[in-house]
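Working notes, beginning with the structure itself.
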Amino acid sequence: MILTEGQLQDLLDKSLAELPPGADWAVVLEGSIAEGFGNPSSDIDFLLVARSEADLPTMPSLLFVDGRRVEIRTRSVRQLADQFRALQEGARRPGRLSEDLLNRCQRLLNSHPLRGHDLVDQVKATLPAERFARIAADWWAHRARQSLRHAMALLCLGETDEAVDWTRAGLVQTIKSWAAGQGETYLEPKWLSMQLDRTDRPDVRDRYWELETAAPAPGDADAARAHLTACLAFAGELGLTGVPCRPERLTVERVAGVTTWQTDERVHVVRGRREVFALGERAGAVWRSLVPGRPLPQVLAAASDTGVTRPGPLLAAFVRYGLVRLAWKGGGTVTPTLPLAAPPGPVTPPPSTAQPLLSVRGAAVSGPDAIDLVPLPAERFAAATMALVWSNVVVENAIEDLTGALQRGQWRVAELTARRAVHAALRGLFSAYGVNPLPADSDLVRRIDLLPPAARQFRARAEELLRRTIDSAEAGGEVLAELRDYVALVRGTAGADAFPLSFDSADTWRATLELGYDWLRIGAYLDAELPLEEARDLLASNGAQPHQAA
């Protein structure tokens, strides 16, 4: 060790002097210095063991003693027994074994006793070092398989540089598994060079460093493939099983809670009933080509048949976002993990900045390859889009009523229906920007300042239309013309410029029902509030009018 026994005892005495008096502790030194590593900047890690059944805090106390940082952790005998028991039970499924639990047990088993040697020996005896070494080796081996399989998949998908990174991760995990089998169980990889020096196998050590330093240059797919092949061969020589160089054993599978909803040409993918991803034209084509259960090379070939030039990166993004998963035949889901890093799991990208967010045809996207996260919770997304469609139906109904009132000289009726059309158009505008629930109709004009600057142009014209009176056919005609212009302008901004003339004919009403039904299905799936009670009947009839003859 880099510190003598006397130096350690002196640091311990000074550290204990800063703690509350009275406790009778057994004490060990843990961590890199206890392992025979360390340097002048290394922490001094003392674990204090209490002869009790108490629950002692997990959080360490940080002290500064003689210019060194000292961490004090405490555990009771019962807590340590529970740790070892949980480790042995979890060892049956290495993929689910907690890194933190493994690390805590390793540090104690390889610790250097300073006080209470008999108690320390008694605690350590509950898990023999040979048994722990096997658990640690299996844990690293599981992660090595996952990383190398993931690297194989990324190479297949054309994600060369990312594949190189995961190949290197798999190489580290492979050598750590082998080293654990040799008794070098310290988890953190930063001392790997010293661990390999102590294994007395210079042939393995030298071959590892040769491969580690031979990582290909960025973008060199052939070199990346050759490097992965060499690393897989080395892993096999060290006893790692389950990673033959056979990409066809990788399959693309569904993910629980991920559903697809298409409106017009826009594909929406809902993840976990909480998040909505809107896919651009090319991303949507690749998504529609997926057939779960097929080998990855076949999935890639089918995606290429859509006309998308490079579908691999899009498929990789689907995996990254947890919209599909990769599996290894006979080996379950591929879940690569790095030690001492963020836990594995689906990535959530920053929310899309496309504005307006929504249109009657689907969520806005940033481009044809986009896999954009809609910046609304899924339920609000569905409610806002249903409100957007319904507001445009109300606009059509109000304009029809206004036209009829003008034909009969019903000026008061015409005024009220014109205002109703203005309010309905504004409801559509607010909904397109994701506002839900909506302000009251009487407050809509004043609340336009909630919207981005580009939408605020509508305020003055809306206020003017709401003030207009109709007392003659000439005045009514002017209001109707201005209203149509205003509605067209709002719809152009809100992505509803192609909205059907709902009440013009049987065909346009059918088109309106089809459009509304697409959004109602999503809303019902997400338990969003429906815009009106009659919508339930449209859902029950699968989009058809309830009283229409076959």
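Of all residue pairs spaced 6 or more apart or on separate chains, those with beta-carbon atoms under 6 Å, a first member in region 237-258 that is touching a residue at least 12 places away in the same chain (Cβ under 8 Å) and a second member that is in a strand (DSSP E or B) and aliphatic (A, V, I, L, M) are 250/326; 251/327; 253/327.
Across region 1-42, the qualifying residues are those that are farther than 22 Å from residue 80 by Cα and of a type in the set (S, T, N, Q), and the one among them that is surrounded by the most Cβ atoms within 10 Å (Cβ to Cβ) is 15. Looking across 440, 488, 462, 481, one residue alone is out of contact with any Cys (no Cβ under 7 Å at 6 or more places or on another chain) and either touching a residue at least 24 places away in the same chain (Cβ under 8 Å) or surrounded by 16 or more Cβ atoms within 10 Å (Cβ to Cβ) (or both). It is 462. There is at least one residue in region 301-319 that is among the charged types (D, E, K, R), farther than 24 Å from residue 167 by Cβ and surrounded by fewer than 17 Cβ atoms within 10 Å (Cβ to Cβ). Annotation note: Cβ proximity below 9 Å between a residue of region 110-129 that is closer than 20 Å to residue 186 by Cβ and a residue that is among the aromatic types (Phe, Trp, Tyr) and part of a loop (DSSP other than H, G, I, E, B) (sequence gap 6+ or interchain) occurs for 110/186. Against the definition (of a type in the set (S, T, N, Q), crowded, with 18+ Cβ neighbours inside 10 Å and part of a helix (DSSP H, G or I)), how does residue 403 come out, yes or no? Answer is no for this residue. Only one entry of 434, 477, 409 meets the criterion of being of a type in the set (Gly, Ala, Ser) and in a helix (DSSP H, G or I), and that entry is 477. Taking region 176-209 as the range and being aromatic (Phe, Trp, Tyr), closer than 20 Å to residue 146 by Cα and part of a loop (DSSP other than H, G, I, E, B) as the test, no residue passes. Quick one: would you say residue 355 is in contact with a Pro (Cβ under 6 Å, 6 or more places away or on another chain) and more than 30 Å from residue 166 (Cα to Cα)? Yes: the conditions hold for residue 355.
Conditions tested, residue by residue: (1) farther than 19 Å from residue 325 by Cα; (2) under 26 Å from the mean Cα position of the chain (by Cα); (3) surrounded by fewer than 15 Cβ atoms within 10 Å (Cβ to Cβ); (4) not aromatic (Phe, Trp, Tyr).
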site	(1), (2), (3), (4)
225	yes, no, no, yes
251	no, yes, no, yes
254	no, yes, yes, yes
283	no, yes, no, yes
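Here residue 130 fulfils each of the conditions (1) surrounded by fewer than 18 Cβ atoms within 10 Å (Cβ to Cβ); (2) closer than 20 Å to residue 327 by Cα apart from (2). Considering (1) more than 30 Å from residue 428 (Cα to Cα); (2) of a type in the set (A, V, I, L, M); (3) touching a Phe, Trp or Tyr at 6+ places or on another chain (Cβ under 9 Å), the lone condition that residue 387 does not fulfil carries the number (1). Set side by side, the residues 180, 223, 129, 137 differ, and just one is at pLDDT below 95 and of a type in the set (A, V, I, L, M), which is 129. Listed by first and then second residue, the pairs linking a residue in region 156-178 that is over 30 Å from residue 131 (Cβ atoms) to a residue that is of a type in the set (Phe, Trp, Tyr), with Cβ atoms under 9 Å apart and 6 or more places separating them unless they lie on different chains, form an empty list. Here residue 424 passes the criteria (1) within 30 Å of residue 307 (Cβ to Cβ); (2) surrounded by 20 or more Cβ atoms within 10 Å (Cβ to Cβ) except the one numbered (1). Residue 228 satisfies every condition listed in (1) touching an Asp or Glu at 6+ places or on another chain (Cβ under 8 Å); (2) closer than 26 Å to residue 297 by Cβ; (3) not small (Gly, Ala, Ser) except (1). The set of residues in region 260-281 being in contact with a Phe, Trp or Tyr (Cβ under 9 Å, 6 or more places away or on another chain), on the phi < 0 side of the Ramachandran plot and surrounded by fewer than 16 Cβ atoms within 10 Å (Cβ to Cβ) consists of 260 alone.
Suppose the filter is crowded, with 22+ Cβ neighbours inside 10 Å, out of contact with any helix residue (DSSP H, G or I) (no Cβ under 7 Å at 6 or more places or on another chain) and over 26 Å from residue 44 (Cα atoms); does residue 145 pass it? So residue 145 fits the description; yes. Only one of the numbered conditions (1) surrounded by fewer than 20 Cβ atoms within 10 Å (Cβ to Cβ); (2) over 21 Å from residue 188 (Cα atoms) is violated by residue 49, and that is (1).
Scanning region 63-83 for residues that are within 12 Å of residue 49 (Cα to Cα) and in a strand (DSSP E or B) yields 72, 73, 74, 75, 76.
The values are calculated or read from the model by the stated rules, or taken from the named source; none is laboratory data. Since we're looking at a predicted model, the values are computed, not measured. We place every Cβ from the backbone using ideal geometry, glycine too, and count neighbours over all the protein chains shown.
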